[in-house]
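**Q** Input: one structure, supplied below.
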Amino acid sequence: GHLSPAGTGAGRQDRRRHWRRLGYHAQGVGPETACLPAGWMQRVHRIQNRNTQDRIGYCLDVLDLFLAKVVAAREKDREFCIALLQYGYVNLEAALALVDNMPLDAKAQQTLRATIRRWARNAGRSTA
């Protein structure tokens, strides 16, 4: 199931309480939310432990998350993706190799590759 919709008072209250208790916020979403490469379901990471109150969660692999964020290309996504590259969470060649698996036409895939390369150059100029 999904978490409470963002627009409801209960959803906002739950998120604030979760943030105060754990120091981060995770939001449940459906697979239709993001543009993801083929095979992404085989790469998800299952999370279940005491911290999740033994509830099961599935997290995208970092490469799949990265590609979805590059496609979205919002300013916050750009900053996040550059940090993933800068700190070594995403390998440039691995990301470029997965572009062929994105559900995009050839022109959009070419644009995606160019964006990834540009952001990788920006990551190389960033300082820790």
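**Q** Quick check: is even one residue across segment 6-22 modelled with pLDDT under 95 and in contact with a Cys (Cβ under 8 Å, 6 or more places away or on another chain)?
**A** The answer is no, given that none of the residues of segment 6-22 is modelled with pLDDT under 95 and in contact with a Cys (Cβ under 8 Å, 6 or more places away or on another chain).
**Q** Same structure again: Answer yes if at least one residue in segment 89-101 is within 15 Å of A38 (Cβ to Cβ), open to solvent by 80 Å² or more (accessible area, probe 1.4 Å) and not aromatic (F, W, Y), and no otherwise.
**A** Yes, that holds for at least one residue.
**Q** Output the residue which, of all residues in segment 46-86 that are farther than 18 Å from E32 by Cα and touching a residue at least 40 places away in the same chain (Cβ under 8 Å), is least open to solvent (accessible area, probe 1.4 Å).
**A** It comes out as I82.
**Q** Exactly one condition in (1) in a helix (DSSP H, G or I); (2) farther than 24 Å from H45 by Cβ is false for L104; which is it?
**A** The failed condition is (1).
The values are calculated or read from the model by the stated rules, or taken from the named source; none is laboratory data. Just so it is clear, the model here is predicted, and its values are computed rather than measured. We place every Cβ from the backbone using ideal geometry, glycine too, and count neighbours over all the protein chains shown. Accessible surface areas use protein heavy atoms only, side chains included; no ligands, DNA or RNA. Shrake-Rupley method; radii C 1.70, N 1.55, O 1.52, S 1.80 Å.
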